[in-house]
Every structure is written in C-alpha cells, then in structure tokens.
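The values are calculated or read from the model by the stated rules, or taken from the named source; none is laboratory data. It should be emphasised that the depicted structure is a prediction, and the values quoted were computed from it without experimental measurement. Counting neighbours? That spans all protein chains shown, and the Cβs are built from the backbone with ideal geometry, glycine included. Heads up: the accessible areas ignore ligands, DNA and RNA and are worked out on the full protein's heavy atoms, side chains in. Shrake-Rupley method; radii C 1.70, N 1.55, O 1.52, S 1.80 Å.
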Amino acid sequence: MSDERIERDFMARDEQERQAFLEQTWCDQCLQENLGMNTPLEYEFKGIVFIEGKCNRCGEVVLTELTDEEF
C-alpha cells in the first residue's frame, strides 16, 4: 500500500453520483451538512478513496471518505 496520493478522475463518475458527492457534505468549519463543495479532487491514499473540495459557504476544505457502500 502506497503512502502517496494517487489521483483519480472524479469526472469519470456518472453525473448523478458526482452531484450527490458535491451536495451531500459536512463542513467542520460551518458545523453544517449539505452546504455543498466546489473544485472537487478525487484521490486514493493508503487504500482509501477521498473526494476533497471547498465548502460553498466558507471555502474551507471539505473531505469525503468513500466507503464500499458508496461505490
């Protein structure tokens, strides 16, 4: 297992799936859910897939960890 980030293509996901990941978020700064994120970047790190972006409200980093149920 690599300790380096492996970039993945977020845009390769189907549109409905992408939209769900962009809308269903949690912001640790705003302490609110579903504020949305922009500028998504998908990557794998230590065998775990993440989607990282910026909160639509405050601009802080929003991170979604994907589990097997979400694939």
Checklist outcome for this item: Only one of (1) open to solvent by 80 Å² or more (accessible area, probe 1.4 Å); (2) of a type outside the set (S, T, N, Q); (3) touching a Leu at 6+ places or on another chain (Cβ under 8 Å) does not apply to Glu23, and that is (3)
Next on the checklist: Filter region 35-71 down to the residues that are more than 12 Å from the chain's Cα centre (by Cα), at positive phi and open to solvent by less than 90 Å² (accessible area, probe 1.4 Å) and list them by number.
Outcome noted: Gly47, Gly59
